[in-house]
Amino acid sequence: MNQLFKKYQQPILYLFFGVCTTAVNIITYYISAHIVSLSVVLSTCLAWAISVIFAYITNKWWVFESKSLRLKAVVLEFLSFTGCRLFTGACDLLIMFIFVDCLAMNDLFVKIASNVLVVILNYIFSKLIIFKQK
């Protein structure tokens, strides 16, 4: 069992923290949209920003084990991470706008489905671009 975990440690940890990030995103969205009564778009943007910060920290330290603390390296890594997340955040926002605002589908159902796509894209970008092994 331990060997199996070591072999697939990175994808397992990414999946675990991806689920945690998705939970942060959905909970933040729910509070913003349903308790604070912000718009769908504003709630989605707020949920995205908070989940990106959470994801960067967990991905950097535990998933991809990027331990560099040099300012230049951290800034470049964070800008790359944020740039990729801006793209997937825009995908999430567009999905929410089309399916919730235009097609009047259930916002929480759409939010969960959208986040599945976002998690997959984020792993690909993190593995191949942001935290690629040199």
On average over all directions, what projected area in square nanometres does region 1-103 have, based on the convex hull of its Cα atoms? 8.1 nm²
Return the tail of the calculated pair distribution for region 7-48, meaning the percent of Cα-Cα pairs more than 14 Å apart. 50 percent
Between 0 and 90°, nearest 10: helix 9-30 axis offset from the chain longest Cα axis: 30 degrees
Give me Rg/Rg_expected for region 74-134, where Rg uses Cα atoms only and Rg_expected = 2.2 N^0.38 Å with N residues. 1.31
Quick check: at a probe of 1.4 Å, how many percent of the accessible area of region 54-99 sits on carbon and sulfur atoms? 81 percent
Judged on accessible area alone, 1.4 Å probe, highest first, Met105, Met96, Met1 line up as Met1, Met105, Met96
Ordering of 30-43, 68-81, 51-64 by packing [mean C-beta count within 10 Å, highest first]: 51-64, 30-43, 68-81
Thr28 accessible area, nearest 10 Å², 1.4 Å probe? 20 Å²
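The values are calculated or read from the model by the stated rules, or taken from the named source; none is laboratory data. The model shown is predicted, which means the values in this text are computed figures rather than measured ones. With ideal geometry, Cβ positions are generated from the backbone for all residues, glycine too; neighbour counts draw on all protein chains shown. Quick note on the areas: whole protein, heavy atoms, side chains included, nothing else; ligands and nucleic acids left out. Shrake-Rupley method; radii C 1.70, N 1.55, O 1.52, S 1.80 Å.
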